[in-house]
Each structure stands twice: as C-alpha cells, then as structure tokens.
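Chemist: Could you have a look at this structure, given as structure tokens, before my questions?
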Amino acid sequence: MSPKIANLKEKVPQNVVGRYYVDFSCIYCDLCVEIAPDIFKEYNREGWAYVFHQPATPEEESRTLGALEACPTGSIGKDGDKAV
Ligand code: SF4
C-alpha cells in the first residue's frame, strides 16, 4: 500500500498561503508542532494542526520537511503553491 499523500483540496482553512499545509486527515497528534513549533500550531477548537508560518530559511525548511516525513497520517503537503 502506498503512503497517503496530503490533498491540497482538503487543506484546513487556517493554513497561511504558501507551499506547506495540513489537510483534514490530521489526527491532532501534535508531532509536527513538537518538531517545528515555528511552523505548525494546534487549532484546538477543531482538533487539527495548521501552518501559521511558511519556512523562510534552510533550517526552517529542514524542520518542516522533518515534520512532513514524521506525520503518521501523511497530512502535511508541500504542493500548496499549485493551483487547485
Ligand atoms: S504530525 Fe500530522 S497528524 Fe500530527 S498534528 Fe501534525 S499534521 Fe496532524
């Protein structure tokens, strides 16, 4: 079975505009926030995480990719700058 890939059409509305986003399949495990607290935040009201800051430095990019790879549900995408 191939791993799930985040779906740009399903991204949560709190994401800031840009390449990275979280989609509705997020199970709110908090791992991405632990790995990259400067990029991801919890949205407690709905129970999902979202991208509040797009990575702007190589270090931020590296942490963001680390979170993408660690996400247990494949809910983080990096094609957010493509047209839906
Ligand atoms: S690591 Fe994935 S499932 Fe966990 S909070 Fe972040 S986006 Fe959601």
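The values are calculated or read from the model by the stated rules, or taken from the named source; none is laboratory data. Bear in mind that the values here come from a model prediction, so they are computed numbers and not experimental data. Cβ sites come from the backbone with ideal geometry, for glycine too, and all protein chains shown count toward neighbours. The protein model used for the area step is the full one, side chains on, heavy atoms only, and it has no ligands, DNA or RNA in it. Shrake-Rupley method; radii C 1.70, N 1.55, O 1.52, S 1.80 Å.
Chemist: Which ones in segment 24-67 are more than 18 Å from Asp79 (Cβ to Cβ), aliphatic (A, V, I, L, M) and not in a loop (DSSP other than H, G, I, E, B)?
Modeler: Leu31, Val33, Ile35
Chemist: Kindly provide the set of residues from segment 28-84 that are surrounded by fewer than 16 Cβ atoms within 10 Å (Cβ to Cβ), among the aliphatic types (A, V, I, L, M) and more than 10 Å from the ligand (Cβ to nearest atom), ordered by number.
Modeler: Across segment 28-84, the qualifying residues are Ala56, Ala83, Val84.
Chemist: Now a separate question. For a quick check of your reading of the model, give me the residue pairs whose first member lies in segment 25-37 and is under 23 Å from Lys9 (Cβ atoms), whose second is modelled with pLDDT under 95 and open to solvent by 70 Å² or more (accessible area, probe 1.4 Å), with beta-carbon atoms closer than 9 Å and at least 6 apart or on different chains.
Modeler: Ser25/Lys4; Tyr28/Asn44; Tyr28/Glu46
Chemist: Looking only at residues in segment 1-23 that are within 11 Å of the ligand (Cβ to nearest atom) and assigned to a loop (DSSP other than H, G, I, E, B), which one is most open to solvent (accessible area, probe 1.4 Å)?
Modeler: Restricting to residues being within 11 Å of the ligand (Cβ to nearest atom) and assigned to a loop (DSSP other than H, G, I, E, B), the top hit is Lys4.
Chemist: Looking only at segment 68-84, which residues are closer than 15 Å to Asn15 by Cα and in a helix (DSSP H, G or I)?
Modeler: Across segment 68-84, the qualifying residue is only Leu68.
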